[in-house]
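This report concerns only the one structure given below.
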Amino acid sequence: MPGILQVVAVEYFANETKDDKDNSLVNGLVMKPVDPNEEAGTGNLIHGETFIKPKTEYTYFYRGKEVAKWTIEGKAPVQIVSQTNKKVVLK
């Protein structure tokens, strides 16, 4: 119809900590954490998660030929749940 202007307005909230407003990128400031084990390649003797969450069990395996001795030094907020000579479970 002549004389009618139709406008569609979309509400958008910019996230100051995640969005890159200079380059108009949503989540443009979010950086993926770098896993130091990825850079080291397959030469790592201990295999398991690098980034862990509290109160969750994680299993680590020793790939070497020797017998592993698993210990926690200092005041770490983890404990050994179970262990063998090649595997340890932490929580």
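The values are calculated or read from the model by the stated rules, or taken from the named source; none is laboratory data. Predicted model, so just to flag it, every value in this text is computed and none were measured. All Cβ positions, glycine included, derive from the backbone under ideal geometry; neighbour counts span all protein chains shown. Just the protein is used for accessible areas: all its heavy atoms, side chains included, with ligands, DNA and RNA removed. Shrake-Rupley method; radii C 1.70, N 1.55, O 1.52, S 1.80 Å.
What is the sum of charges around Val89, taking Lys and Arg as +1, Asp and Glu as -1, for the other residues whose C-beta is under 14 Å from the C-beta of Val89?
On the way: positive: Lys55, Lys86, Lys87, Lys91; negative: Glu49, Glu57.
With Lys, Arg at +1 and Asp, Glu at -1, the neighbours total +2.
When the chain is fully extended, how far beyond the present Cα-Cα distance does Val67 get from Glu16, taking 0.36 nm per residue of separation? Before the final figure, lay out each step's value.
Working: separation 51, 0.36 × 51 = 18.36 nm, distance 5.04 nm.
Residue separation times 0.36 nm, minus the Cα-Cα distance, leaves 13.3 nm.
Which order do Ser24, Ser82 take when ranked by solvent-accessible area (1.4 Å probe, heavy atoms of all protein chains), largest first?
Numbers: Ser24 100, Ser82 55 Å².
The ordering from most to least exposed comes out as Ser24, Ser82.
I'd like the accessible area for Glu16: 1.4 Å probe, protein heavy atoms, all chains in place, Å² to the nearest 10.
Per-residue accessible area (Glu16): approximately 120 Å².
Once you've got the Cα coordinates, tell me which of Lys65/Lys91; Lys53/Lys86; Lys32/Lys69; Lys32/Lys65; Lys18/Lys75; Lys32/Lys87 are over 31 Å apart. Please report the intermediate quantities before stating the final value.
Working: Lys65/Lys91 26 Å; Lys53/Lys86 23 Å; Lys32/Lys69 33 Å; Lys32/Lys65 34 Å; Lys18/Lys75 34 Å; Lys32/Lys87 29 Å.
Check vs 31 Å cut-off fails for Lys32/Lys69; Lys32/Lys65; Lys18/Lys75.
Compare Lys53, Lys21 by solvent-accessible area with a 1.4 Å probe and give them largest first, with all protein chains kept in place.
Numbers: Lys53 145, Lys21 120 Å².
Ranking Lys53, Lys21 by accessible area, largest first, yields Lys53, Lys21.
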